[in-house]
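Right, one structure below, let's go through it.
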Amino acid sequence: MKREALLVVLCACAGALIAPLAEATSRFGVAEDATKYAEDGGASLYPKLIALGMDTNRMTVHWDPTDPTTVQEQGFLDRAVPAARKAGVRVILDVYPNDRYAFTTGSPEVRATLFGAYLQTLARRYPQVTDFIVGNEPNERYFWQPQFGAPKRQVSAAAFLQMMTTAYDALKSVDPTLRVIAAGPSNEGNDKTSTSPVRFIAALGDAYRASARSTPFMDAMGFHLPPHQHPSAVEALQLAEHRPVRPRESEAGCLGRVCRHAAADVRPERLEPRGIARSRRGRVRLAGDHRRETRRAVHEEGERDDDHRA
């Protein structure tokens, strides 16, 4: 009898928890920088996005520790963010350093303070943006180094927490209603050269409990579950328009650093404006000034593959 009563209580509690979740509205979007680089800021691409049932686009913004006050690619952002707002598309900015050692060498506290000021600059310049992802895959070595100390002690989570607390407080001081999302751990950590997501999150919790902080350091946590195979932009649009699809390997790939492994959300289409060319191995690269960034992305993609084979 007691067991049956306990089961009823558990079911009632579960129902209380599930009901609010069921009432929440799900939102779908892409993690696509092609709109940022498009000559019209993505204005001609957003109707296609909306036609696929999506209303959100995550754009990346890099931070350069050697030039900490300059907004990277500001011209592109100044064009793309208003274009998205006009189209009714919510923009999420994912902000992270271009140096994997940014918060672990030199003076990490000073770097974190400078990074927090950079986030404040972005929040004030783009008040249309109310969601910020801070960092990117901190459990992977090509975005955060070092992952381990001696002897194989997990250290990246504690360092990430230190950066996140500063970033959180900096953004909330601009607008307490801003949503601060902790960088999405990668699902492909191997606990050899990188940290598996479960162990990273556990280490992050341990570091928070060991700290003197009693207030939040994030409003949500992202999690990356990128598909290893996904339709290209051409394929997705053809499917949406009920036209026959002729898959070609050259139409799949990644844009700059936002490769298939580094997506923050599932991306069922590739939006490819002018100014983008194909690189080797079917990757998508930007023409002109962005070629160096793409070469770096291809190198990191190879490094990532080596990690996962380790």
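One table, with the values for the structure above:
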quantity: Kirkwood estimate for the range 29-221, i.e. one over the average of 1/r between Cα atoms, Å; calculated: 17.3
quantity: Under-26-angstrom lysine pairs by C-alpha in the range 29-221, whenever the two are 8 or more apart or on separate chains; calculated: 6
quantity: Cα lying deepest toward the dipole's positive end in the range 38-188, options LEU171, TYR46, ALA102, charges on Cβ; calculated: LEU171
quantity: Placed amide H near GLY135: partners under 5 Å, 5+ positions off or other chain; calculated: VAL95, TYR96
quantity: Percent of beta bridges antiparallel (DSSP, the range 29-221, rounded to nearest 5); calculated: 10
quantity: Contour minus Cα-Cα distance for ASN187 and GLU109 (0.36 nm per residue); calculated: 25.3 nm
quantity: The range 63-126: trypsin sites (Lys or Arg not before Pro) in DSSP loop, at most 10 other beta carbons within 10 Å; calculated: none
quantity: Backbone HN-Hα couplings from phi across the range 76-83 [Karplus 6.51/-1.76/1.60, Hz, Gly and Pro as x]; calculated: 5, 5, 4, 8, 7, 5, x, 5
quantity: Amide proton proximity set for GLU188, modelled H, under 5 Å, gap of 5+; calculated: none
quantity: For the range 193-206, 3J(HN,Hα) per residue [Karplus equation, 6.51 cos²θ - 1.76 cosθ + 1.60, θ = phi - 60°, Hz, x = Gly/Pro]; calculated: 9, 9, 10, 4, x, 5, 5, 5, 5, 4, 5, 5, x, 4
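We did not get these values from a lab; they are worked out from the coordinates using the rules stated. This one's a predicted model, so the numbers in the text were calculated from it and none came from an experiment. Every residue, glycine as well, gets a Cβ built from its backbone with ideal geometry; the counts of neighbours run over all protein chains shown.
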